[in-house]
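So the structure is just underneath, and the comments pick up after that.
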Amino acid sequence: MEYRKLGSLNVSLVGLGCNNFGWRTDAAGTKAVVDAALDAGVNFFDTADVYGAGQSEEFLGRALKSRRDKVIIATKLGMKMGEGKEGARPEYVRQALDASLRRLQTDTIDLYQIHRPDPNTPIADTMQALNDAVKAGKVREIGCSNFSAEQMRAARATAGPRYFASVQNDYSLMNRAPEAHVLPECARTGVGFLPYFPLANGLLTGKYRKGQPFPESSRGKDAFGPRIFTPENLERVEALIAFAKSRSHSLLELAFSWLAARPEVCSIIAGAKTPDQLRANSVAASWKLTPADLAEVDKILA
């Protein structure tokens with residue numbers, strides 16, 4: 001496993017997204033996936049208070065309690081957890097942070113992230129609260145998620161001693177929007193980029209093929225289906241599969257390794273419901289794509 005710097009942290013190039021824990025995966029299933037992750041060299045676990053209505057943090061904290069010193073735990077605040085429990089007001093930052101610390105059974109969160117911008121709270125107020133959390137020793141690094149480059153710049157202008165170590169946004173072969181502004185902002189300021197949905201909600205797993213029915217209980221049949229599993233995207237998938245196969249690799253390996261080729265990327269956040277999925281993801285970023293490979297992929301996606 002390759003490791004990269006995220007602020008003061010050393011994180012595995014493939015991280016584990018814990019959004020399945022607490023609703024798709026129970027406590028025993030969570031422990032099995034976490035055990036497989038540690039065995040594979042994955043040390044970066046990314047969750048949020050809202051995942052599983054708090055149970056993702058609870059299950060993760062339980063699974064990692066005896067191995068806390070071996071892992072990097074990231075979580076987020078800001079999505080609605082109940083009446084009056086959302087956003088990034090300073091008083092709510094303090095409340096949400098203490099609740100996450102309890103659920104995770106830890107004294108310190110390695111990376112604490114704003115899950116989405118809060119238009120009702122001045123970013124300067126939020127940054128002050130996050131800086132206070134770092135000063136109190138409850139948080140090691142702070143980050144953001146679903147922020148635009150403009151919103152990142154606004155935060156930086158009022159950051160105080162500590163600015164974002166990372167930004168976590170949707171980025172994959174099928175969604176290259178961050179390349180326009182956010183990735184250049186990361187390169188300019190030294191902020192690490194954490195791509196989520198690296199497999200475009202399953203489209204890039206290789207399970208979905210043109211002219212074939214979607215597997216039952218698959219992402220292709222849920223709410224994401226009509227937006228992502230379009231005829232045009234399935235055509236692109238066929239071309240990407242052919243490209244990867246011509247170089248003795250899988251589509252899964254292409255999806256991860258293409259992201260890993262970006263120097264701004266610190267860790268690729270990928271969910272897993274089973275140990276087998278985790279093991280497949282953990283080795284998928286080891287293909288070192290050449291400039292010629294990357295140019296060929298650009299032509300396929302154009």
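Observations
- C-alpha long axis of helix 27-39 to longest principal axis of the chain, angle in °: 70 degrees
- Per-residue HN-Hα couplings for the range 173-189 [Karplus 6.51, -1.76, 1.60; θ = phi - 60°; Hz; x = Gly/Pro]: 4, 9, 9, 9, 4, x, 5, 6, 9, 5, 5, x, 5, 4, 4, 6, 10
- Between 250, 282, 172, the GNM of the chain built on Cα springs shorter than 10 angstrom shows 250 fluctuating the most.
- Helix 55-64 and the longest principal axis of the C-alpha atoms of the chain enclose an angle of approximately 90°.
- For the range 102-261: relative contact order, % (alpha-carbon pairs under 8 angstrom, 6 or more apart): 17 percent
- The string of couplings for the range 67-76 from the Karplus curve (6.51, -1.76, 1.60, θ = phi - 60°) is 10, 4, 6, 9, 10, 10, 9, 10, 9, 9 Hz, one whole number per residue in order, with x for Gly and Pro.
- Seen from a random direction on average, the alpha-carbon convex hull of the chain projects onto 15.1 square nanometres.
- Local charge for residue 162 was computed over the other residues whose Cβ lies under 14 Å away, with Lys and Arg +1 and Asp and Glu -1, and equals +1.
- For the range 60-127, the set of trypsin sites (Lys or Arg not before Pro) satisfying both a DSSP loop assignment and a count of at most 16 other C-beta atoms within 10 Å is given as 80.
- Shown here for the range 117-188: trypsin sites (Lys or Arg not before Pro) in loop regions (DSSP other than H, G, I, E, B) with at most 14 other Cβ atoms within 10 Å, namely 176.
- The range 109-174 - percent relative contact order, Cα under 8 Å, separation 6 or more: 39 percent
- Take every pair of alpha-carbon atoms less than 8 Å apart whose residues are at least six positions apart; their mean separation over the length of the chain yields a relative contact order of 20 percent.
- The amide H of residue 143, built 1.01 Å from its N in the peptide plane, has 112, 113, 114, 165 as neighbours under 5 Å, considering only residues 5 or more places off or on other chains.
- Nearest-20 debye value, the range 152-302 charge dipole, Cβ charges on Lys, Arg, Asp, Glu: 200 debye
- J(HN,Hα) series, the range 197-204, from Karplus relation 6.51 cos²θ - 1.76 cosθ + 1.60, nearest Hz, glycine and proline x: 6, x, 9, 6, 6, x, 4, 9
Coordinate-derived values only; no laboratory data. Treat the numbers as computed from the prediction; the structure is a model and nothing was measured. Cβ atoms come from the backbone with ideal geometry, glycine included; neighbour counts cover every protein chain shown.
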